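Inspection log for the structure reproduced underneath, given as structure tokens.
The values are calculated or read from the model by the stated rules, or taken from the named source; none is laboratory data. Bear in mind the structure is a predicted one, so any value in this text is a computation, not a measurement. Note: ideal-geometry Cβ built from the backbone for every residue, glycine included; neighbour counts use all protein chains shown.
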Amino acid sequence: MPDQLAQSINELGRNIAAAAIAGLIQPMLFNPLECLRVRWQVAQASGRMSAFALSIMRSEGLWRGLWQPGLPHNMAAVAMSQGLRLGLYPSCRDLALTLARAGDNGIDAPARKKSPVAMLVAGLSAGSVAYFVSAPFWLSKTRVQASSQFATFPAAEGASGGLVTDAIAPSTGVGGAVALWRGCLPLVVRGALLTSGQMLGYDGTKTFAVSELGLPDGPPLHMLAAVLAGLSAATLSAPADVLVTRYQCTDQNGQAHRSVAVCAASLMREGGLGVFFRGWTANFLRLAPTFTVGSVIYEQSRRALGLSYMK
């Protein structure tokens, strides 16, 4: 039993490391899309998002306006959250299946196939833990990127750097460690929904393609599954995504929102239910290629660290 436990912990550690490696690389490539999503959500501008992006690049340039802001913060946030959520997901899913088998009235039934419910539950669990732990880094990233739009935060003068606290306490009026978790609840909800959508799309597609269609488990399948994962993740997490961006940032008058509920009510008055899907296109266009590149790196990193493709 001790040897089996040590082997399980070792495998878990390697899986987290493989996911974190992918998480470090992805923001280097896709930070412009993430920065555009945040700036579009806080701008409250009308018109097309493409025109909004072009105006930023004309006035500020691609690097200074979209690529540089929040890049190190984004790398830290993605590496930590992805390392934990993808790293913990297989263990959470297998635990959910084990608990489900334990409820079979003592009958020694054959092992259950992976189910969508187990995937959703595992995604919610792993995503909640991952985004709670990494919340300070996501808060810092969001504020630094939003400061490029509003310039109401002290971090606006040095949007590409600075400590986490540089982008937090001055605008909230709250000191200490508690301020690092501002907006944590909607962030955790967003992360849990995003992870559930991602893993239902990714793990579900892989499982169906291999077991039902007989397709080989390799990079082509990983890329197809990742695109479908981006679609489901962007859709499930959209309302919480908009809410957490607005809540963590000040409004156009430089005032912090009093609570998540007040922020949500303000959004409803602004644009009805449709406002909670503002930035969906930017989010999907970011998630689909990010998941595609990240999934390939993650699966190959697992192989390099002595593991098989994720089963």
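Here are the numbers for this structure:
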| read-out | value |
| --- | --- |
| Filtered residue count, segment 36-45, keeping only those that are outside any helix (DSSP H, G or I) and of a type in the set (V, I, T) | 0 |
| Selection within segment 55-76 - within 30 Å of R14 (Cα to Cα) and either surrounded by fewer than 22 Cβ atoms within 10 Å (Cβ to Cβ) or touching a Pro at 6+ places or on another chain (Cβ under 7 Å) (or both) | L71, P72, N74, M75, A76 |
| P219 being in contact (Cβ under 8 Å) with a residue 24 or more places away in the chain and surrounded by 15 or more Cβ atoms within 10 Å (Cβ to Cβ) | no |
| Only one of G271, G230, G204 that is more than 21 Å from A79 (Cα to Cα), of a type outside the set (A, V, I, L, M, F, W, C), outside any loop (DSSP other than H, G, I, E, B) and at pLDDT 95 or above | G204 |
| Selection status of A265, among the hydrophobic types (A, V, I, L, M, F, W, C), assigned to a helix (DSSP H, G or I) and exposed (fewer than 15 other Cβ atoms within 10 Å of the Cβ) | yes |
| Condition check for G191: of a type outside the set (S, T, Y), touching a Gly at 6+ places or on another chain (Cβ under 6 Å) and either part of a helix (DSSP H, G or I) or under 28 Å from Q248 (Cα atoms) (or both) | yes |
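Yes or no, residue by residue, for (1) of a type in the set (K, R); (2) exposed (fewer than 13 other Cβ atoms within 10 Å of the Cβ); (3) at positive phi; (4) not in a loop (DSSP other than H, G, I, E, B):
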{"site": "D3", "(1), (2), (3), (4)": "no, yes, no, yes"}
{"site": "A22", "(1), (2), (3), (4)": "no, no, no, yes"}
{"site": "E34", "(1), (2), (3), (4)": "no, no, no, yes"}
{"site": "G47", "(1), (2), (3), (4)": "no, yes, yes, no"}
{"site": "S50", "(1), (2), (3), (4)": "no, yes, no, yes"}
{"site": "A53", "(1), (2), (3), (4)": "no, no, no, yes"}
{"site": "V78", "(1), (2), (3), (4)": "no, no, no, yes"}
{"site": "R85", "(1), (2), (3), (4)": "yes, no, no, yes"}
{"site": "Y89", "(1), (2), (3), (4)": "no, no, no, yes"}
